[in-house]
Amino acid sequence: MKRGTLLVVSGSSGVGKSTVIAQVLKERPELYFSVSFTTRAPREGEVHGVNYYFVTREDFEERIARGEFLEYAEYVGNYYGTSMEVIREKLDKGVDVLLDIEVQGAAKVREKLPEAVTLFLIPPSFEELSRRLHARGTDSEEKIAQRLETARREAKEIVHYDYVVVNDTVDNAAREVLAILTAAGCRMERRIHLIDKESDSL
Ligand code: 5GP
């Protein structure tokens with residue numbers, strides 16, 4: 001039975017990752033988006049169980065202690081984590097899974113599941129990132145400065161990813177992400193079940 005592809009998508013906050021991911025999911029509805037746990041407060045329009053599971057620090061720390069997370073990280077003062085159980089079940093069933101996680105989490109996934117395909121979404125420029133964070137209007141100046149500083153630090157990790165996608169337009173970026181997913185699904189280890197090794201024929 002074919003296992004699903006685990007696609008890890010990282011990108012500096014404000015790069016437009018959620019918008020690109022939403023477009024990818026629209027075009028590939030069978031792709032499963034892993035809903036993370038976080039201790040951050042919901043932003044306007046975010047829904048519990050859809051964008052994140054919004055939990056208290058205490059609840060999150062209990063989950064850490066129970067070993068529920070495939071990975072978790074602290075990012076700009078909040079915890080974010082991916083629950084192991086659902087991901088494992090989906091991949092075993094052959095369903096492709098998309099994780100939207102930051103660089104520390106991606107490093108842990110690479111360690112634990114080396115077959116994961118990792119992708120970093122970058123803005124056309126750093127100035128454009130700053131402009132987008134201000135335009136979003138959801139964070140204070142202090143938070144924006146903190147996010148930009150984090151983005152500069154994260155940029156050093158990009159070389160560890162398998163793919164880089166530039167978010168110049170949402171359509172272009174989504175198309176490239178879909179192409180990467182398609183290519184990953186055609187890799188030999190995912191297609192070997194289609195080949196009859198005994199008889200030298202298909
Ligand atoms: P935001 O607060 O803007 O929704 O997310 C901040 C950062 O946390 C983003 O870079 C996002 O990819 C990352 N993130 C979201 N969920 C997870 C998770 O489960 N684990 C990790 N390590 N990072 C996550």
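Every read-out reported here was derived from the displayed coordinates using simple, explicitly stated rules and does not represent laboratory data. What you are looking at is a predicted structure, and each value in this text was computed from that prediction instead of being measured. Cβ: placed from backbone, ideal geometry, glycine included. Neighbour counts: every protein chain shown.
Please work out which residue is farthest from the ligand (Cβ to nearest atom), limiting yourself to segment 82-109 and to residues that are free of Cβ contacts under 8 Å to residues at least 60 places away in the same chain and acidic (Asp, Glu).
89
Any residue in segment 10-26 that is more than 10 Å from the ligand (Cβ to nearest atom) sitting within a Cβ distance under 8 Å of a residue that is of a type in the set (D, E, K, R)? List the pairs, counting only those 6 or more apart or interchain.
Matching pairs, first to second residue: 16/132; 23/171.
Hey, could you check segment 58-79 for residues that are within 11 Å of the ligand (Cβ to nearest atom) and either assigned to a loop (DSSP other than H, G, I, E, B) or of a type in the set (A, V, I, L, M, F, W, C) (or both) and say which is surrounded by the fewest Cβ atoms within 10 Å (Cβ to Cβ)?
First, pick out the residues of segment 58-79 that are within 11 Å of the ligand (Cβ to nearest atom): 60, 69-79.
So of that shortlist, the ones also either assigned to a loop (DSSP other than H, G, I, E, B) or of a type in the set (A, V, I, L, M, F, W, C) (or both) come out as 60, 69-70, 73, 76-77.
Values: 60: 22, 69: 21, 70: 21, 73: 18, 76: 14, 77: 9.
So, considering only residues that are within 11 Å of the ligand (Cβ to nearest atom) and either assigned to a loop (DSSP other than H, G, I, E, B) or of a type in the set (A, V, I, L, M, F, W, C) (or both), the one surrounded by the fewest Cβ atoms within 10 Å (Cβ to Cβ) is 77.
Within segment 98-147, work out how many residues are over 19 Å from residue 167 (Cα atoms) and in contact with a strand residue (DSSP E or B) (Cβ under 8 Å, 6 or more places away or on another chain).
Step one: filter segment 98-147 for residues over 19 Å from residue 167 (Cα atoms), giving 104-116, 137-146.
The next check asks that each one be in contact with a strand residue (DSSP E or B) (Cβ under 8 Å, 6 or more places away or on another chain); those that pass are 104-106, 108-110, 112-113, 115-116.
Count: 10.
Quick test of your reading of the structure: residue 192 fulfils all but one of (1) touching a residue at least 24 places away in the same chain (Cβ under 8 Å); (2) farther than 18 Å from residue 17 by Cβ. Name the failing condition by number.
If we test residue 192 against (1) touching a residue at least 24 places away in the same chain (Cβ under 8 Å); (2) farther than 18 Å from residue 17 by Cβ, just (1) comes out false.
Would you point out the residue of segment 143-174, among those that are of a type in the set (S, T, N, Q) and not in a helix (DSSP H, G or I), that is nearest to residue 114 (Cα to Cα)? Full working, then the answer.
Just the residues of segment 143-174 that are of a type in the set (S, T, N, Q), to begin with: 146, 150, 167, 169, 172.
Filter once more, keeping what is not in a helix (DSSP H, G or I): 167, 169.
Details: 167: 26, 169: 30 Å.
The selected residue is 167.
Might you check whether a residue that is part of a strand (DSSP E or B) and surrounded by 13 or more Cβ atoms within 10 Å (Cβ to Cβ) occurs anywhere in segment 37-46?
yes
For segment 164-192, which residues satisfy the criterion of being within 18 Å of residue 6 (Cβ to Cβ) and among the small types (Gly, Ala, Ser)?
Residues satisfying the conditions are 179, 183, 184, 185.
If we keep just the residues of segment 27-36 that are surrounded by 13 or more Cβ atoms within 10 Å (Cβ to Cβ) and part of a loop (DSSP other than H, G, I, E, B), which is farthest from the ligand (Cβ to nearest atom)?
28
Does residue 55 count as β-branched (Val, Ile, Thr), buried (at least 16 other Cβ atoms within 10 Å of the Cβ) and within 11 Å of the ligand (Cβ to nearest atom)?
No: the conditions fail for residue 55.
Considering only segment 104-129, how many residues are under 16 Å from residue 69 (Cα atoms) and part of a helix (DSSP H, G or I)?
So the answer is 9.
For residue 138, indicate whether it is within 15 Å of the ligand (Cβ to nearest atom) and either surrounded by fewer than 19 Cβ atoms within 10 Å (Cβ to Cβ) or over 30 Å from residue 189 (Cβ atoms) (or both). Outline the logic, then answer.
Values: within 15 Å of the ligand (Cβ to nearest atom): yes; either surrounded by fewer than 19 Cβ atoms within 10 Å (Cβ to Cβ) or over 30 Å from residue 189 (Cβ atoms) (or both): yes.
Yes.
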